[in-house]
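Working notes, beginning with the structure itself.
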Amino acid sequence: MAHKMLDGNEAAVEAMKLAKVQVISAYPITPQSSMSEKLSELVASGELKAEYIRVESEHSALSVATTAALTGVRAATATASNGLALMHEVLSMTSGNRLPIVMPVVNRGVAAPWTLWCEHGDAMAARDLGWMQFYCQNVQEVLDLTLLSYRVAEDERVLTPVMVCLDGFFLSHSMQKLDVPSQESADNFVGPYKRHNTYLDPKDPMFCCDLTGNGEFTEMRYQQKYAMDNALEVFEEIAGEFEERFGRKINIVEGYKTEDADVVLVALGSMCGTAKYVVDKMREEGKKVGLAEITVFRPFPVKQLKAVLTGKKVIGVFDRSAGLGSQGGPLWCETCALMIDENSDIRHYVGGLGGRDVTAANLEKIYNELLEIIEGKRTEHTEWIDLKENPLDIRKVAKNV
Amino acid sequence: MFDIQHNSKGLVAHGISACAGCGMELIMRNVLDVLGEDTIILIPPGCSALFSGFGDVSGLKIAGFQGNLENTAACAAGVRAALTAQGNTHTTVVAFAGDGATADIGLQSLSGVLERRDKIVYICYDNEAYMNTGTQGSSATPYYASTTTTPAGKPTGKKNLVQIVIAHDIPYAATASIHNLNDFRKKVQKAKDTDGPSMIHIQSPCPSGWKYDPAKTIEIARAAVQTGNWILYEYEDGKVTINNKPKELKPVEDYIGLQGRFKHLTEEQREELQNATTKNYEKYIKQLESMNN
């Protein structure tokens, strides 16, 4: 174990290096670009013995990684935003062929409007394609979750790819002092890549991914669902081993001061750090508020989140994506489905879009609203919590209409 | 591991559900015959997916993967990278895709592979339209050919795929025709032996889409060359060799007259097509010859 000052992108790269990825295909996109650069430096300097394929698009980035994994090596790529959108159809190829690729996704809104900055809309649009999604709360978690992901994804009870989601700039470009495992301890934890079930090998030939009729398609999908069902248990088991080896606990869901809380906010990503600060501050004022931080969003941690939320009468859910056309954002919809048998009032909040900071003041406002709701002092809540007063006037065409 | 149901000769099953007279089937059998079993094949969804198989049955005895329509080259690059990472320098990686998956939607990933010098063999069987989906026009559909999306005849000419490939200055590129299989097989062998990317563009007459008697597939392929509609040449380490230069071109009618896709043409249009073909042929030959200067 050594201490290093790393930003989120460097932390992800450090984990990929520790996992000794053998093929890397990368295409630069803000805010992921420094990952593409750093990985190429490691390969060029010989620090990491891997094939680096400088692809011409994200579509090819994931295609290369997918068939490389199918050919029997630990393969890596990383992306963000529109890059993830371009990968969309290949995402299903990776997961459907049960290839356990671990891919950092630096969360950034998908254009239009063009944004370079953080929101979860990119990853949320890809949430149902058979990839697991783990959301990091801080830079240490970027390293820890990436390293842990190799074990979870490659476990033969799971064999499902992972997106390690880190908030663009808030995590990708924020420096933090990290505990970095030694190569030896990482080797002992991650181990070498082992191929399973489907692979390309001329000495043991098989044809993968041909047309499948309706006599088998459902069952093959079910196998993916079955793997997802296994994944949380496997995660818990491996997180336990991780804690033993490295001394850090990684929770699927963490209830922060939720036990005696009157109201709880459900959130994911870097905003959880701010939310904890707000919880502490409000607790000092005698307000019993709590936070449910979700690390594993896919598969959705039904049991773990329910354990935190059961009995809570008023719950807020913060979606850092707009959920356009839906009744609410993806996290809120999942939470409502989870609590279907509970008599809870679950409020939907949207904010932090396109890089807008999720401020302590706004989180405090949410908690105060939730407290007023439980006290019967208000019925309405401010769904779009950080919306300006004049949203429809923005970019209004002033002339020639 | 395959459970071999029928010990067919070669690496392709006897019973492939290709149309009668399909040019592509002949191409695949010859490609794999030359490349041998130490080969991994990448196939996009399209006519060649008939070789991938259906359900738990494959038409091939070699290892293979069916990717997306536009990433055949990138998928091949991934296989190559993983083989290299494992110290394997002997296995051939072949991408086998049609004109749509190559000249249209797959052009970007092909360009990426060529520019990076990834060691893969890329075979484009060109049946000059989207045949697997029912004969919709592609950028490789020739001038005036009728397809279901160019019902009055395609108003523009055929994209020159091999010249785009050659613009990447790769070590080996060639065109081929199934009427001369010896020539094609030699080219496949050269592609296999190339240290870097290699590409063969072979015309694949399609009885269903071109609307002709399935017995005439070879005859049509030969007529395409003899009328100047398909030029056989190789680009090898920067040098062009024209393999077959007829002293005199046969009339275009000898080629298009056999095919229903040109049936709608008026006398005037036929004459125009003849002139366009001759002009294009002469220009192309001149261009190829000038590439050696």
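Just checking, does the range A:202-224 include any residue being within 23 Å of the chain's Cα centre (by Cα), in contact (Cβ under 8 Å) with a residue 40 or more places away in the chain, buried (at least 20 other Cβ atoms within 10 Å of the Cβ) and away from chain B (no Cβ under 14 Å)?
Checking the range A:202-224: not a single residue is within 23 Å of the chain's Cα centre (by Cα), in contact (Cβ under 8 Å) with a residue 40 or more places away in the chain, buried (at least 20 other Cβ atoms within 10 Å of the Cβ) and away from chain B (no Cβ under 14 Å).
For the range B:84-94, state whether one or more residues are more than 7 Å from every other protein chain (Cβ to nearest Cβ) and more than 19 Å from B:V121 (Cβ to Cβ).
Quick first cut of the range B:84-94, residues more than 7 Å from every other protein chain (Cβ to nearest Cβ) only: B:87-90, B:92-94.
Filter once more, keeping what is more than 19 Å from B:V121 (Cβ to Cβ): B:87.
Within the range B:84-94, one or more residues are more than 7 Å from every other protein chain (Cβ to nearest Cβ) and more than 19 Å from B:V121 (Cβ to Cβ).
Looking only at the range B:132-156, which residues are closer than 19 Å to B:A224 by Cα and either hydrophobic (A, V, I, L, M, F, W, C) or not in a loop (DSSP other than H, G, I, E, B) (or both)?
Within the range B:132-156, B:A140, B:A145, B:T147 qualify.
Evaluate the following for B:E234: is it modelled with pLDDT of 95 or more, part of a helix (DSSP H, G or I) and of a type outside the set (A, V, I, L, M)? I'd like the intermediate steps shown before the answer.
Numbers: modelled with pLDDT of 95 or more: yes; part of a helix (DSSP H, G or I): no; of a type outside the set (A, V, I, L, M): yes.
It is false that B:E234 is modelled with pLDDT of 95 or more, part of a helix (DSSP H, G or I) and of a type outside the set (A, V, I, L, M).
As an exercise: evaluate A:V90 against (1) in a helix (DSSP H, G or I); (2) away from every other protein chain (no Cβ under 11 Å); (3) in contact with a His (Cβ under 8 Å, 6 or more places away or on another chain) and give the number of the one condition it does not meet.
Every condition holds for A:V90 apart from (2).
So how many residues does the range B:157-186 have that are out of contact with any strand residue (DSSP E or B) (no Cβ under 9 Å at 6 or more places or on another chain), polar (S, T, N, Q) and outside any helix (DSSP H, G or I)?
2
If only one of A:E244, A:E236, A:E254 is free of Cβ contacts under 8 Å to residues at least 12 places away in the same chain, over 23 Å from A:D122 (Cβ atoms) and not in a loop (DSSP other than H, G, I, E, B), which one is it?
Working: A:E236 fails: free of Cβ contacts under 8 Å to residues at least 12 places away in the same chain; A:E254 fails: free of Cβ contacts under 8 Å to residues at least 12 places away in the same chain.
Just a single option satisfies the conditions, and that option is A:E244.
In the range B:49-66, how many are at the interface with another protein chain (Cβ under 7 Å from one of its Cβ atoms) and over 18 Å from the mean Cα position of the chain (by Cα)? Before you say what the answer is, go through the steps one by one.
Step one: of the range B:49-66, the residues at the interface with another protein chain (Cβ under 7 Å from one of its Cβ atoms) are B:49, B:52-55, B:58, B:60-66.
Remaining after also requiring over 18 Å from the mean Cα position of the chain (by Cα): B:53-55, B:58, B:60-65.
Count: 10.
Of all residues in the range B:241-255, how many are more than 18 Å from B:F184 (Cβ to Cβ) and in contact with a Leu (Cβ under 7 Å, 6 or more places away or on another chain)?
Matching residues across the range B:241-255 total 1.
Considering only residues that are more than 9 Å from chain A (Cβ to nearest Cβ) and surrounded by fewer than 24 Cβ atoms within 10 Å (Cβ to Cβ), which ones fall in the range B:104-113? Working first, answer last.
Step one: list which residues in the range B:104-113 are more than 9 Å from chain A (Cβ to nearest Cβ), which gives B:104-107, B:110.
Passing the criteria: B:D104, B:I105, B:L107.
If I ask for residues that are within 20 Å of A:N368 (Cβ to Cβ), among the hydrophobic types (A, V, I, L, M, F, W, C) and not in a strand (DSSP E or B), which ones from the range A:273-308 would you list?
A:A275, A:V278, A:V279, A:M282
Looking at A:A126, A:A112, A:A76 in this structure, which one is crowded, with 23+ Cβ neighbours inside 10 Å and of a type in the set (G, A, S)?
On the way: A:A126 fails: crowded, with 23+ Cβ neighbours inside 10 Å; A:A112 fails: crowded, with 23+ Cβ neighbours inside 10 Å.
Going through A:A126, A:A112, A:A76 in turn, the sole match is A:A76.
Only one of B:Q5, B:Q66 is more than 16 Å from B:N127 (Cα to Cα), of a type outside the set (A, V, I, L, M, F, W, C) and modelled with pLDDT of 95 or more; which?
Values: B:Q5 fails: modelled with pLDDT of 95 or more.
Matching residue, one of B:Q5, B:Q66: B:Q66.
Pairs under 7 Å by beta carbon, first residue closer than 13 Å to B:L107 by Cβ in the range B:156-179, partner in a strand (DSSP E or B) and small (G, A, S), six or more apart or different chains?
The qualifying pairs are B:V162/B:A173; B:V165/B:A173.
The values are calculated or read from the model by the stated rules, or taken from the named source; none is laboratory data. Keep in mind the model is a prediction, meaning the values are calculated, not measured. Cβ atoms come from the backbone with ideal geometry, glycine included; neighbour counts cover every protein chain shown.
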